[in-house]
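The values are calculated or read from the model by the stated rules, or taken from the named source; none is laboratory data. All values reported here derive from a predicted model rather than from experimental measurement. In this analysis, Cβ positions are derived from the backbone assuming ideal geometry, glycine residues included, and neighbour counts consider all displayed protein chains.
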Amino acid sequence: MIDLRFSEAELEQQRDHITAFIRDRVEAAGADGVVLGFSGGIDSTLTGYLAVEALGAENVHGLVLPAHVSSEEHMSDAEWVAQELEITYDVIEIEPIVDSLLSVYPEAEGDHEAVGNARARVRAVLNYLVANHESRLVLGTGNRSEAAVGYFTKYGDGAVDCHPIGNLYKAQVRQLARHVGIPEDLAEKTATAELWANQTDEDELGISYETLDSILATHIDGPLSVAATCRLLEVDAETVERVRGMYDGSEHKRTVPPAPEPLE
């Protein structure tokens, strides 16, 4: 695998760049601050830390939005982060809302992917309900690795006003988290979207983040061919082609919905 770590100087540059980005987006929108969903994972934790650094705790409103598949550990960590940052936050159970959706369309019951994505979209609706009421922006927590392979819910966790850490690979998210003082147990925590029970990112993707980051950096974002990537990273062509397939197949998630070209 390749080393994607930043130098200490680069970490400070990234920190300054992201906090300036958050301030600029809020100022450009004429907003009164931001709303941010906390999951207990490292992406939302780092985004929260940087948002508070950029705007001050009084301008960050956190939402902890557990479902019945959410682990007590993750929700406890989410609340701990909000309390550590000294921000205003609310805990809102989303399962009653999901249940109401299934009550009008029971055919989806048992379809863990459809229901899991519905949970993500319910969270997005709540984020915007609070943000609109308080004249705030919704901060996303997606990283570069997830975006590249479409590992997010369209109009769910992808429905945000901006992604402050969207240019960082997962390994760089963890490194910057340590740099800003986030505890190691959170920085190294196993990644999970918790859209259904016992889900982990790497199990669902079928690849470790270390391998995914390296393939993205060398083959998708970088210039290397499949064969060259295999030689450099010592991975098989099937793995590289699978990542390429995920990237190509999720292009629609990274762009606005298409419309036909205007008739002349």
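If we scan the range 127-137, do we find a residue that is buried (at least 22 other Cβ atoms within 10 Å of the Cβ) and part of a helix (DSSP H, G or I)? Looking through the range 127-137, at least one residue is buried (at least 22 other Cβ atoms within 10 Å of the Cβ) and part of a helix (DSSP H, G or I). Of all residues in the range 50-70, those that are within 22 Å of Gly30 (Cβ to Cβ) have Cβ atoms under 7 Å from Cβ atoms of residues that are among the charged types (D, E, K, R) and buried (at least 23 other Cβ atoms within 10 Å of the Cβ), 6 or more apart or on another chain, in His61/Arg136. Across the range 181-195, the qualifying residues are those that are buried (at least 17 other Cβ atoms within 10 Å of the Cβ) and assigned to a loop (DSSP other than H, G, I, E, B), and the one among them that is modelled with the lowest pLDDT is Glu194.
Looking across the range 198-253, the residues that are within 18 Å of the chain's Cα centre (by Cα), surrounded by 13 or more Cβ atoms within 10 Å (Cβ to Cβ) and not in a helix (DSSP H, G or I) come down to Gln199, Ile207, Ser208, Ser250. Looking across the range 163-178, the residues that are crowded, with 18+ Cβ neighbours inside 10 Å and either in contact (Cβ under 8 Å) with a residue 60 or more places away in the chain or farther than 21 Å from Val243 by Cα (or both) come down to His163, Pro164, Ile165, Leu168, Tyr169, Ala171, Gln172, Val173, Arg174, Gln175, Leu176, Ala177. Selection of the range 23-39 for residues being crowded, with 23+ Cβ neighbours inside 10 Å and in contact (Cβ under 8 Å) with a residue 60 or more places away in the chain yields Val34, Val35, Leu36, Gly37, Ser39.
Just one residue in the set Ala51, Ala78, Ala67 is assigned to a loop (DSSP other than H, G, I, E, B), small (Gly, Ala, Ser), within 20 Å of the chain's Cα centre (by Cα) and closer than 27 Å to Asp201 by Cα; that residue is Ala67. Counting only residues that are in contact with a helix residue (DSSP H, G or I) (Cβ under 7 Å, 6 or more places away or on another chain) and within 25 Å of Ala191 (Cα to Cα), the range 212-238 holds 11 of them. Taking each residue of the range 127-156 that is of a type in the set (Ser, Thr, Tyr) and looking for partners that are part of a loop (DSSP other than H, G, I, E, B) with beta-carbon atoms closer than 6 Å, six or more apart or interchain, yields Ser135/Ala31; Ser135/Asp32; Ser145/Tyr169.
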